[in-house]
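Trainee: Shown below is the structure under consideration.
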Amino acid sequence: MRSHSAAVAPPWLDKRERMLALDSGLDDVIQRKMLLVNRNITQMGFGRFQMWMVLLSGCGWAVDNIIFQSLSMSLPQVKLEFQPGHVQFLTLALYVGLLFGAFFWGFGSDVVGRKLAWQQYILTALSAFWYSWFTVGGVTLLLWVVRFFIYPIPESPKFLIVKGRDAEAIRVLDFIAHANGRPHSLTLDSLARMSLNTTLICASWGLIGCAYPLYNAFIALYISSVGGSASSPVQSQAEQYRDLVIIAAMGIPGSIIATGAVELPYLGRRFAMAFFTLLTGACLFGFTSARTPSAVLGWNCGASLSQNAMYGILYAITYEVFPTHSRGTGDGLAMGVQRIFGITGPLIAAYGSDASPTTPVFVSASLFVGASVLMLGLPYEPRGVESL
């Protein structure tokens, strides 16, 4: 097959697909191969392979969130035991590590492939020896064993195509077809806006990267600070932990609601994401005015539901709007920006709370509202469009 020197949008793509193809700089040969892969994956349907992908990927995000929430819940006790000047700096240290990981594996996955990044295990093994983190380390190690030995996930077929490794891409499709029990027909023989898109995606991740830890990393501290009057007594530690569990549980229906909202006509990814982001900001503004534990619980439940819906859509659209040949780089760049902005969250919480405990929450709410406005300006709506 011959490669064209300039990107040409073939007539067999619809209007939005042609626009994305031209903006991403993919040549005609790559575009045709991508379309064939997309259609064959669609032909094979949702089966056992996708179920394993959802399970293993979801467990990875679960471990990531367990570490974050464990740190958040331990902050009040760390503050009581060690009396640090600014306990929020523990979260700052966490985000410094996340920043390096986002940049390294984001850019690295476009060089060495997704599979190696997915199955790296050194940090997973070492985490089992961290003092007081044996449970988290053990769970992480178990998940690595599952994804490495029990059900190893193959490399992305579109990444292999971009790298010129067509035969390997066919073998991956064979693997998916075998797992799903559905055949595919692909053989070796058949095989000014993008810049704005990247800027807005990274800016959205940046604002949310600061807003999310500014609220979530210190929610235990915020809840413990409510009360102290005759009409609203201070909650016991057991009551505070109960509220944290309820708030976390409210995030589950948020993710489920998001799966349906993104497919609604005239709404799609962009508007659904912007709506839930705006709703998160509104709930946090309400939280700043709460004066009783019941009001705090109500506003936080609303924020938990809406921000989980927002995050689910934001992760999905980030992968969809970047073409495969630079998807890892684009995702790594967005995650890196998120971690950089995330570092500022603990600093704002540490010094902003001196004036008022609700000041960091007010800042977080404002950032969520600002991010919702940026999301409306995204040039691509990936609903109903095959990714390239």
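Trainee: If packing is taken as the mean number of other Cβ atoms within 10 Å per residue, what is the order of 237-243, 139-145, highest first?
Mentor: Working: 237-243: 14.3, 139-145: 17.0.
Answer by packing, highest mean first, reads 139-145, 237-243.
Trainee: With θ set to phi - 60° and the Karplus curve 6.51 cos²θ - 1.76 cosθ + 1.60, what are the ³J(HN,Hα) couplings of segment 262-273 in order, to the nearest whole Hz, using x for Gly and Pro?
Mentor: 5, 9, 6, x, 6, 10, x, 5, 4, 6, 5, 5
Trainee: May I ask for the distance between the Cα centers of segment 315-384 and segment 233-259, given as a whole number of Å?
Mentor: Cα centres, segment 315-384 to segment 233-259: 23 Å.
Trainee: Could you sort 333-339, 43-49 so that the peptide with the highest average Cβ count within 10 Å comes first and the rest follow in order? Present the calculation step by step, with values, prior to reporting the outcome.
Mentor: On the way: 333-339: 22.6, 43-49: 15.6.
The peptides rank, most packed first, as 333-339, 43-49.
Trainee: Given a Förster radius of 25 Å and the C-beta distance between Met53 and Leu264 as r, what FRET efficiency does 1/(1 + (r/R0)^6) yield to the nearest 0.05?
Mentor: On the way: r = 24 Å, r/R0 = 0.98.
After rounding, the FRET efficiency stands at 0.55.
Trainee: OK, next. Whole-Hz ³J(HN,Hα) for each residue in segment 174-184, computed from phi via Karplus 6.51 cos²θ - 1.76 cosθ + 1.60 with θ = phi - 60°, x for glycine and proline: what do you get?
Mentor: Per residue, the Karplus-derived 3J(HN,Hα) values read 4, 4, 5, 4, 5, 5, 8, x, 10, x, 10 Hz.
Trainee: Taking amide H positions as placed in the peptide plane 1.01 Å from N, state which residues far from Arg383 in sequence (5 or more) or on other chains have amide H under 5 Å from it.
Mentor: Here the answer is Arg269, since their amide H atoms fall under 5 Å of that of Arg383.
Trainee: Which three numbers, in whole Å and largest first, are the semi-axes of the equivalent ellipsoid of segment 240-382 derived from its Cα gyration tensor as √(5λ)? Write down the numbers at each step before the final one.
Mentor: Working: eigenvalues 154, 74, 35 Å².
Semi-axes (√(5λ), whole Å): 28, 19, 13.
Trainee: Which value, in debye to the nearest 20, gives the size of the charge dipole of segment 244-364 about its Cα centre, when Lys and Arg are +1 and Asp and Glu are -1 at the Cβ? Mind showing how you got there, number by number?
Mentor: Numbers: 5 positive and 4 negative charges, 8 e Å.
Here the size comes out at about 40 debye.
Trainee: Please tell me the relative contact order of segment 251-304 in percent, rounded to the nearest whole number, where contacts are Cα pairs under 8 Å and at least six residues apart. List each step's numbers first, then the result.
Mentor: On the way: 30 pairs, mean separation 17.5, N = 54.
Once divided by the residue count of segment 251-304, the mean separation gives 32 percent.
Trainee: While we're here: What is the distance in Å between the Cα centroid of segment 72-114 and that of segment 142-163?
Mentor: Between the Cα centre of segment 72-114 and that of segment 142-163, the gap is 26 Å.
Trainee: Oh, and also: Given contacts defined as C-alpha pairs under 8 Å and at least six residues apart, what's the relative contact order of segment 198-346, whole-number percent?
Mentor: Over segment 198-346, the number comes to 42 percent.
Trainee: Sequence-distant or interchain residues sharing an amide H contact under 5 Å with His86, placed H: which?
Mentor: Here the answer is none, since no amide H 5 or more places off falls under 5 Å of that of His86.
Since every read-out is calculated from the coordinates, none of them should be taken as a lab result. Here the structure is a predicted model, which means the values were calculated and not measured. For neighbour counting, all protein chains shown are included, and Cβ atoms are generated from backbone atoms with ideal geometry for every residue, glycine included.
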